1. Can you pull out every residue in region 2-32 that is farther than 10 Å from V51 by Cβ and either assigned to a loop (DSSP other than H, G, I, E, B) or at pLDDT below 95 (or both)?
2. I need the helices (runs of 4 or more DSSP H) fully contained in region 73-152, keeping only those with at least 1 residues that are under 27 Å from G390 (Cα atoms) and at pLDDT 95 or above.
3. For region 310-326, indicate whether the set of residues that are touching a strand residue (DSSP E or B) at 6+ places or on another chain (Cβ under 9 Å) and more than 30 Å from S442 (Cβ to Cβ) is non-empty.
4. Out of the residues in region 161-214 that are in a strand (DSSP E or B) and among the acidic types (D, E), which is surrounded by the most Cβ atoms within 10 Å (Cβ to Cβ)?
5. Just give me the residues in region 63-82 being of a type in the set (S, T, Y) and either farther than 13 Å from S121 by Cβ or crowded, with 19+ Cβ neighbours inside 10 Å (or both), in sequence order.
6. Would you check which residues across region 494-521 are β-branched (V, I, T), in contact with a Lys or Arg (Cβ under 9 Å, 6 or more places away or on another chain) and in contact (Cβ under 8 Å) with a residue 40 or more places away in the chain and list them?
7. Which members of region 390-409 meet the condition of being closer than 16 Å to G271 by Cα and within 11 Å of the chain's Cα centre (by Cα)?
8. Take G486 and tell me if it is more than 16 Å from the ligand (Cβ to nearest atom) and within 15 Å of I522 (Cα to Cα).
Amino acid sequence: MCGIVGYIGEKNGIPIVIEGLKRLEYRGYDSSGICYHKSGTLRIKKKKGKVSDLEALISKNSFGNIVMGHTRWATHGKPSDKNAHPHISMNKKISIVHNGIIENYDSIKEGLIQRGYKFKSETDTEVLVNLIEYVQIDLKVSLIEAVQQALTQVIGAYSIAVMSSNDSSNLVLAKKGSPLVIGVGQEEHYIASDPSPFLKYTKKAIYLDDDEVAEISKNKLSILTFDKKIKSPTINKLTMELEEIEKGGFETFMLKEIYEQPKSIVDTLRGRIIKKSQIIKLRGFNESVDTFKRAKRIVIVACGTSWIAGLVAEYIIEGLAKLPVEVEYASEFRYRNPIIYKNDIVIAFSQSGETADTISALKLAKENGALLYGICNVVGSSISRLVNVGTFTHAGPEIGVASTKAFTAQVSVSILIALAIAKLRKQISKNDFKEITDALLSIHEKMQYTLSNCNNKIKQIARKYKNSRNALYLGRGLSFPVALEGALKLKEISYIHAEGYPAAEMKHGPIALIDENMPTIIIATNKRNYEKIFSNAQEIKARNGKLIAIVSQGDNQISKIADHVIEVPKTNYYLSPLINTIPLQLFSYYIASFRGCNVDQPRNLAKSVTVE
Ligand code: AGP
């Protein structure tokens, strides 16, 4: 997720765009840049770091009345000056800023290299701007026609703004899968990824739809649909205030990020499942396939929610690929003199890629000759640079301290890796592979359904339990780590003590805790062990425990005895954490909100624990 801002009019657009980029830093902040016209050439200033670092680079006398800018959240190519946007084509006549992912950029790049193109950056965006240049020269067409034609060759998601040195009056825009909105002023237009950069100048906005291209000047605007038909723009009157826009209309970043999960799963899976040939396309895995062939085990090191994602990965990899997996708290692993074999694959899960304990655990594994594999959400982070290979989760910036969309993105990458190993080790049938990948490619719909249909009921239940002093979360199989995650969410944002437990472990002690003041959340969606978890539910009710049950739609046993029932869509067992985690995130969110807690910045916590 990146931020795009642009201005075209009589004013000096440079300070307007710089200020606008600062408003969009929540969308990405590892590097930024601007491009503007000056005496028939395109001037580009760009830099790794925050927008304030870019601002320091730009002279106060710089002037431009057609300006575009970008603040980056790296997906292809680490954060650096050369990978920052805007990018310029080889003949220096076309510049672009881009938000999104071009899935087939490598094949397009290959074709351009064969036609003599050279590239300075590692980004998919630089490929796109050179494709536009190539098409414009080859077909001898206008910029908007070249953009439209070039995009017919592109697979992926994008919102782009393009500028040509030959035209100092117009910007060309295009949108598919990533947002782009036009602010309509008096003899001026603004563009942005969301309205926050131009809200103080105008509340009139035009939202581009997918597959549309547009050409804007200071007082003209034309929109073409994918089949080149002129579309008359709809001007919306904005009512949201600035703060609401940054949070997408949600009251907190955490709630916004819980609701972003269907999209972040689509982004994380994008281009990584080749259905026809039943291939999992993970560069990190493919570059280390020989090591995966030889490996006798995987060791996972992580902390907090990422450690729980590692536990989910253990169940899935062992279940599908029959390769032994051990999951270690990074902080314990690094100090207990673990046995590490040089054939080991050590996988680190980390949203931030900066967690000190996880970094140290990786360094210990490296000293012992293991292959280091990173699953991170931040491109260019310390862990992503320390490991030999890895796979990024494309969840976008996670601002809320409590991890939500990063967790489900880590789970979806774990499923991909498990499938890839299972194929490699010939442990999975074509039918099972098809069943799981088909379910994975549509899981975002069930996640959206769960968000839309469970939210209000969960909010009502949360209101009843907001003053609880303790809570118990129970699950079996894959629902056990999900129970741990539910408990961690409640602890860290509502400050209520909670424990996650394997349901069968109840009788080995925790059942002594059950009484009418102890709410128990039981996750009972999996057919595999349903009868057993039904008995656990009965044990709780027999002791007057309050029971909140997460069940599959159509359940008619546990839902008959539970005090509260939350029904979620049925899905493949291995995908169930992607669905079952959502009600637990919402439950902890609403309890914390009713308790007046600061859910985005809970007390005593930091988003990235870079100290031991
Ligand atoms: C999760 O909600 C917490 N914020 C915390 O446990 C976090 O998962 C842990 O600190 C690990 O962070 P990382 O994923 O950035 O390595």
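1. Across region 2-32, the qualifying residues are C2, G9, E10, K11, N12, Y26, R27, G28, D30.
2. Values: elements: 105-114, 124-139, 143-151.
Answer list for region 73-152: 105-114, 124-139.
3. yes
4. The first filter runs over region 161-214 and keeps only residues in a strand (DSSP E or B), leaving 161-164, 167-177, 181-184, 189-192, 204-207, 212-214.
Subset that is among the acidic types (D, E): 167, 212.
Numbers: D167: 17, E212: 19.
My answer is E212.
5. First, pick out the residues of region 63-82 that are of a type in the set (S, T, Y): 71, 75, 80.
Once the filter is applied, which keeps residues that are of a type in the set (S, T, Y) and either farther than 13 Å from S121 by Cβ or crowded, with 19+ Cβ neighbours inside 10 Å (or both), region 63-82 yields T71, T75.
6. The first filter runs over region 494-521 and keeps only residues β-branched (V, I, T), leaving 496, 511, 514, 520-521.
Adding the requirement that they be in contact with a Lys or Arg (Cβ under 9 Å, 6 or more places away or on another chain) leaves 496, 511, 514, 520.
Residues satisfying the conditions are I496, I514, T520.
7. F392, T393, H394, A395, A409
8. Numbers: more than 16 Å from the ligand (Cβ to nearest atom): no; within 15 Å of I522 (Cα to Cα): yes.
No; evaluated as a whole, the condition is false for this residue.
The values are calculated or read from the model by the stated rules, or taken from the named source; none is laboratory data. From a predicted model like this one, the values you see are computed outputs, not experimental measurements. Neighbour counts are summed over all protein chains in view; Cβ atoms, including those assigned to glycine, are modelled from backbone coordinates with ideal geometry.
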